[in-house]
Amino acid sequence: MEIAFKEIEKEFNETFGYVRQDIAEILKKNLGLNYTIALLVCCACEMLTWHRDLRDDQAYEVFTSLLPDTDSYKAVGKTLWEALRNGLAHKFRPDTIRIEDEEWRFTISSQSGPHMSVTKGQPHWIHLNVRVFSSRVISRIDAYEQELRTSADARLSFHEKSKRYIRTIPAEAARIAEALRSVLGETHS
């Protein structure tokens with residue numbers, strides 16, 4: 001079955017398009033919502049992983065591809081990913097990394113400057129420029145969109161994956177269905 005890009009374009013725009021657009025808009029307005037942008041970058045990494053049929057535990061590989069291209073960053077990519085993503089998603093604060101008696105903490109900015117830097121101290125500081133990370137993840141989204149436009153297999157996979165966004169409530173959850181139906185058409189202020 002051949003799927004045209006036009007048939008999946010709306011779904012693409014409601015997933016990757018929203019993330020791409022939200023990141024760009026927040027940066028454009030200089031709102032200083034650096035943790036929010038970093039969390040959106042992490043979400044984009046997970047979305048790319050899920051849609052490309054990689055295992056959930058491989059999202060760190062997409063994130064690692066956003067880091068400077070050195071062996072050291074490749075070695076610490078998973079650790080940085082877990083501390084940043086899990087901390088932001090569950091506590092809205094990046095986790096501190098502790099190894100023996102040393103600690104590394106994150107600062108996140110969106111000002112112009114280097115992609116990343118690490119400074120010595122107690123704790124050591126990992127400085128992330130979310131503007132650069134955003135640009136890199138948006139490039140990955142753009143590349144995925146181009147792949148969808150040119151690859152029938154990628155479009156078919158995206159179409160099949162999109163069906164899995166639906167959450168089916170088990171039949172024994174009739175009480176939930178009844179409550180949802182009871183609020184149809186209501187507006188509360």
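The values are calculated or read from the model by the stated rules, or taken from the named source; none is laboratory data. None of the values given here were measured: they were computed from a predicted structure. Every residue, glycine as well, gets a Cβ built from its backbone with ideal geometry; the counts of neighbours run over all protein chains shown. With ligands, DNA and RNA removed, areas are computed over all heavy atoms of the protein, side chains included. Shrake-Rupley method; radii C 1.70, N 1.55, O 1.52, S 1.80 Å.
For segment 95-119, a residue qualifies if it is surrounded by 15 or more Cβ atoms within 10 Å (Cβ to Cβ), free of Cβ contacts under 8 Å to residues at least 40 places away in the same chain and of a type outside the set (A, V, I, L, M, F, W, C), and the qualifying residues are ASP95, ARG105. Listed by first and then second residue, the pairs linking a residue in segment 66-85 that is under 16 Å from CYS43 (Cβ atoms) to a residue that is of a type in the set (D, E, K, R) and open to solvent by 70 Å² or more (accessible area, probe 1.4 Å), with Cβ atoms under 8 Å apart and 6 or more places separating them unless they lie on different chains, are LEU66/ARG136; LEU66/ARG140. Listed conditions (1) free of Cβ contacts under 8 Å to residues at least 60 places away in the same chain; (2) farther than 12 Å from PHE12 by Cα are all met by GLN146, apart from (2).
Restricting segment 55-69 to residues that are part of a helix (DSSP H, G or I) and open to solvent by less than 50 Å² (accessible area, probe 1.4 Å) leaves a set whose member that is nearest to ARG131 (Cα to Cα) is PHE63.
Those residues that are over 10 Å from PHE5 (Cβ atoms), surrounded by 14 or more Cβ atoms within 10 Å (Cβ to Cβ) and not aliphatic (A, V, I, L, M), I need them from segment 145-166; list them, please. Those that are over 10 Å from PHE5 (Cβ atoms), surrounded by 14 or more Cβ atoms within 10 Å (Cβ to Cβ) and not aliphatic (A, V, I, L, M): GLU147, SER157, HIS159, LYS161, SER162. Scanning segment 120-142 for residues that are of a type in the set (A, V, I, L, M, F, W, C) and surrounded by 18 or more Cβ atoms within 10 Å (Cβ to Cβ) returns ILE126, LEU128, VAL130, PHE133, VAL137, ILE138, ILE141.
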